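Structure, as structure tokens:
The values are calculated or read from the model by the stated rules, or taken from the named source; none is laboratory data. These numbers come from a predicted model, not from an experiment. All Cβ positions, even for glycine, are placed from backbone atoms using ideal geometry, and neighbour counts span all protein chains on display. Please note that ligands, DNA and RNA were not included when accessible areas were found on the heavy atoms of the full protein model with its side chains. Shrake-Rupley method; radii C 1.70, N 1.55, O 1.52, S 1.80 Å.
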Amino acid sequence: MDVLDLARWQFAITTVYHFFFVPITIGLSAIVAWYHSRWIRTRDESHLRMAKFLGKLFTINFALGLVTGIVQEFQFGMNWSTYSRFVGDIFGAPLALEALLAFFLESTFLGLWIFGWGRIPERLHAACMWIVHIGTLLSAYFILAANSFMQHPVGYRINPETGRAEMADFVAILTNEVQLVAFPHVITACYLVGGALVLAVGLHKLRQTVTKGGPDTDRRMYRHAARLGAVVVLVSGLGVAISGDLQGKVMTEVQPMKMAAAEALYDTPPEGQCAPFSVLTVAGLGGEDPTHVIEIPCLLSFLGTGSFDGEVRGIADLEADYRASFGDDELTQADTYVPPIAMTYWNFRLMMATGFFAMAVGAWVLWATRKDRVPMQRWVFPIIVLTPLATVLGHSFGWIFTEVGRQPWVVFGEMATHTAVSPSVGASDVWTSMIVFTLLYGGLAVVEVRLLLSYIRAGAEPFEQPRLVEDDEPLEFAY
Amino acid sequence: MDLITIWFVLLAVLWTGYLVTEGFDFGVGMLLPVLDKGGEQQETRRRTMLTTIGPHWDGNEVWLLTAGGATFAAFPHWYATMFSGMYLALLLLLVTLILRNMGLEYRHKRHDREWVRRWDLAIVAGSYIAPFVVGVALTNLVAGLPMTEHTMGSTAYTEFDGTMLSLFTPVAVLGGLTVVAACLTHGAHFLALKTDGPIRQQARSVATRGGLVTAVLAVALFVWLGAQRGTAVSWVVSGVAAVALLAAIAANAKGREGWAFVGTSVTIGLTVVSYFVMLAPNAINGRGDSPDLTLEAAASSPMTLEIMTWAAVVFTPIMIGYTVWTYWVFRRRLRVEHMPEHEPAGAGAH
């Protein structure tokens with residue numbers, strides 16, 4: 001593999017790995033904050049216990065999200081220095097603002113929340129977790145604005161003197177139409193992950209208290225968590241579907257090739273005919289007489305344009321277009337303007353399938369736990385394990401789809417990916433860092449999962465009346 | 001001041017913020033196996049030390065991320081050249097920071113000895129290696145890196161042209177060691193200020209010895225680097241930094257722990273300032289006959305710089321405000337007696 005392939009693999013590994021933790025951080029911080037505030041409102045002891053219990057799971061996860069984020073920020077300069085030079089004027093600003101506005105907020109107030117038991121007034125203490133959550137949202141906004149620029153560059157001009165992109169309108173960059181649909185889509189999907197995790201943990205612990213005969217309060221507490229998680233999954237799942245639908249329309253408009261690749265639609269349907277959507281295809285993704293197992297007529301037209309007879313252009317058509325407009329510039333020429341079709345086709349479907357699966361589980365949990373019932377069947381356990389996993393993987397599928405579907409561009413229409421790598425970095429350097437990071441990431445993932453499982457096994461601690469710690473007393477919490 | 005100068009100054013502020021704040025938590029990490037002696041409470045002493053930095057270290061590290069992001073935004077060519085040029089050194093920094101962070105976050109999450117011992121190793125090793133790499137990297141920017149000319153469109157810029165080994169020159173290694181010694185002393189001052197009982201006494205005595213070692217290394221570094229790159233202003237600034245260090249040593253000897261901590265903060269801050277004075281008007285000095293990367297060539301467009309300036313003017317004071325408040329909330333001195341008993345194994349505290 002050459003430096004380009006290696007740098008791409010490393011970017012993919014780092015991003016996908018980083019994104020295992022981010023949605024949990026965003027989704028779970030909101031649920032922890034909600035439980036903490038509910039305790040103050042209602043004085044229901046189980047709410048405080050849940051806030052502390054889920055808070056522990058949150059901090060275990062937060063640590064890994066943070067450290068993988070550092071690698072994410074640094075690798076633009078390390079592996080993609082030509083890209084950084086070309087768009088640094090625009091791309092750097094949201095990154096710097098993300099650190100200044102969001103990262104400080106998240107880490108400082110998380111420190112206050114973790115160590116603040118008995119030290120700060122309780123309302124302020126609960127507010128700390130809400131502030132952490134706001135920090136995660138701000139962070140997501142800025143990084144998605146940067147990513148949306150890569151998908152659909154706006155608010156810039158190319159300076160012929162310096163040969164690079166320069167900022168022309170920062171507000172336009174922050175309100176990029178791609179950004180306005182991507183942000184709600186990603187955020188609701190993060191709540192989906194948080195909800196699925198709480199649903200799974202709650203249901204699992206609920207079943208345990210029934211089997212092992214735990215106290216009635218525990219039973220009520222975990223049942224509440226399972227149902228709360230289910231509601232979050234259903235509501236946010238609806239948000240994911242709606243925002244995803246809007247995003248599909250914007251995407252068809254600004255990146256028609258991505259939509260065509262998502263369906264493996266090679267030929268533009270003839271005038272007056274609509275484009276179908278295939279749920280499954282067993283062969284022929286290469287364009288030669290595809291075998292669609294299930295095909296829904298006109299659905300792709302609807303997904304792409306909002307109208308059942310809207311025009312969706314095919315791959316061959318677009319390829320010819322792009323070749324004509326971009327083929328003779330050093331920065332924009334590429335061997336092909338078609339992204340890897342099988343990757344986009346399957347990731348698009350897997351992304352949607354995981355979301356619908358989680359929503360189905362959410363609805364089922366609400367039904368199965370009605371009137372104090374507990375689903376005790378054997379087959380429920382795999383569902384408990386699979387649901388949060390599916391939602392996290394759903395994010396990965398979505399990111400792989402959106403990033404692979406953008407190829408061969410690093411910045412759509414302005415810079416091809418193969419021109420963006422660092423010229424001074426050798427393949428052995430990238431090999432070294434990729435091997436080191438992959439091993440490190442693998443090891444840390446094992447540690448994190450085992451730690452999470454042992455904390456889930458231990459369950460929520462018994463209720464303890466919060467108290468203010470006097471100066472010579474032991475702390476409520478210390479390392 | 002023009003926008004490029006403002007951003008150069010702001011980067012100096014960010015590096016100062018990083019080394020002054022994370023400097024003391026690095027120091028605390030270095031001192032874990034040093035200040036846990038002389039009693040039966042070895043583990044409780046370590047926990048006490050780590051708890052002094054517990055609420056702060058995560059936020060301290062964000063200064064590094066902000067410095068990285070701000071370099072990207074304000075001086076893209078600087079960011080690109082530095083990060084791709086110092087590739088393997090940065091890899092080392094990232095790996096040690098990751099392991100150290102995981103150690104700080106995970107060490108107390110289980111109570112079996114093997115687990116705690118392994119994460120302690122990550123914390124201690126990371127606390128020495130990371131500031132060393134930062135010291136080497138920053139010293140290289142000033143002392144000079146091997147560079148070549150490249151063009152992009154019609155502009156020329158410079159690109160790193162060397163290997164991992166070209167970073168480890170004698171003066172850069174001295175820079176790395178000085179940063180390590182300074183962080184150790186700074187951390188000892190912090191512990192003396194934030195603890196009570198035996199740890200406080202031992203921290204003060206370690207601080208005196210650490211301070212003297214730092215003074216010798218720092219003076220050698222200032223003279224060596226100054227001889228190559230010094231200007232009148234940089235000599236004055238590094239002179240004041242040295243005086244602040246001596247004052248810190250004296251304050252610590254007299255038991256004025258707050259002033260000693262202020263002293264090492266000033267030393268570290270002024271060292272960064274003297275580095276930036278020696279760097280201007282370049283972003284990276286070229287080694288020998290290599291071309292320099294000038295700030296002018298490295299900078300973003302005026303519009304980006306202007307937007308970023310407004311953001312920094314509005315949000316930096318807010319950020320500093322709540323950070324200071326955190327230090328106020330956790331202002332009390334800690335003793336080993338303040339450590340809560342561990343909860344049952346597996347459950348742990350947070």
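So is A:Arg450 within 12 Å of another protein chain (Cβ to nearest Cβ) and among the charged types (D, E, K, R) or not? Against the criterion (within 12 Å of another protein chain (Cβ to nearest Cβ) and among the charged types (D, E, K, R)), A:Arg450 qualifies. Only one of the listed residues (B:Val216, B:Val233) is closer than 16 Å to B:Val179 by Cβ and either open to solvent by 50 Å² or more (accessible area, probe 1.4 Å) or not in a helix (DSSP H, G or I) (or both). That residue is B:Val216. Every listed requirement among (1) within 13 Å of chain A (Cβ to nearest Cβ); (2) farther than 21 Å from B:Ala156 by Cβ is met by B:Ser274 save one, (1). Criterion applied to A:Ile187, A:Ile158 was being open to solvent by 30 Å² or more (accessible area, probe 1.4 Å) and either in contact (Cβ under 8 Å) with a residue 12 or more places away in the chain or more than 14 Å from every other protein chain (Cβ to nearest Cβ) (or both), and the one residue passing it is A:Ile158.
Of the candidates A:Pro270, A:Pro339, the single residue that is outside any helix (DSSP H, G or I) and either among the polar types (S, T, N, Q) or modelled with pLDDT under 85 (or both) is A:Pro270. Here's a check for you: in region B:284-306, which residue that is of a type in the set (Val, Ile, Thr) and in contact (Cβ under 8 Å) with a residue 24 or more places away in the chain is nearest to B:Phe72 (Cα to Cα)? So, considering only residues that are of a type in the set (Val, Ile, Thr) and in contact (Cβ under 8 Å) with a residue 24 or more places away in the chain, the one nearest to B:Phe72 (Cα to Cα) is B:Thr304. Counted as qualifying within region B:56-123 are no helices (runs of 4 or more DSSP H), as none has 3 or more residues that are among the acidic types (Asp, Glu) and either open to solvent by 10 Å² or more (accessible area, probe 1.4 Å) or more than 7 Å from every other protein chain (Cβ to nearest Cβ) (or both).
Every residue, every condition in (1) more than 11 Å from chain B (Cβ to nearest Cβ); (2) open to solvent by 10 Å² or more (accessible area, probe 1.4 Å); (3) among the aliphatic types (A, V, I, L, M), yes or no:
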{"residue": "A:Arg8", "(1), (2), (3)": "yes, yes, no"}
{"residue": "A:His18", "(1), (2), (3)": "yes, yes, no"}
{"residue": "A:Ile24", "(1), (2), (3)": "yes, yes, yes"}
{"residue": "A:Met78", "(1), (2), (3)": "no, no, yes"}
{"residue": "A:Pro94", "(1), (2), (3)": "no, no, no"}
{"residue": "A:Ala99", "(1), (2), (3)": "no, no, yes"}
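Of all residues in region B:1-43, those that are open to solvent by less than 40 Å² (accessible area, probe 1.4 Å) and in a helix (DSSP H, G or I) total 23. Answer yes or no as to whether A:Phe62 is out of contact with any Lys or Arg (no Cβ under 8 Å at 6 or more places or on another chain) and not acidic (Asp, Glu). So A:Phe62 fits the description; yes.
Within region B:326-343, restricting attention to residues that are more than 8 Å from chain A (Cβ to nearest Cβ) and part of a helix (DSSP H, G or I), the residue that is surrounded by the most Cβ atoms within 10 Å (Cβ to Cβ) is B:Val336. Any residue that is open to solvent by 50 Å² or more (accessible area, probe 1.4 Å), more than 11 Å from chain A (Cβ to nearest Cβ) and on the phi > 0 side of the Ramachandran plot - is there at least one of those in region B:280-292? Within region B:280-292, one or more residues are open to solvent by 50 Å² or more (accessible area, probe 1.4 Å), more than 11 Å from chain A (Cβ to nearest Cβ) and on the phi > 0 side of the Ramachandran plot.
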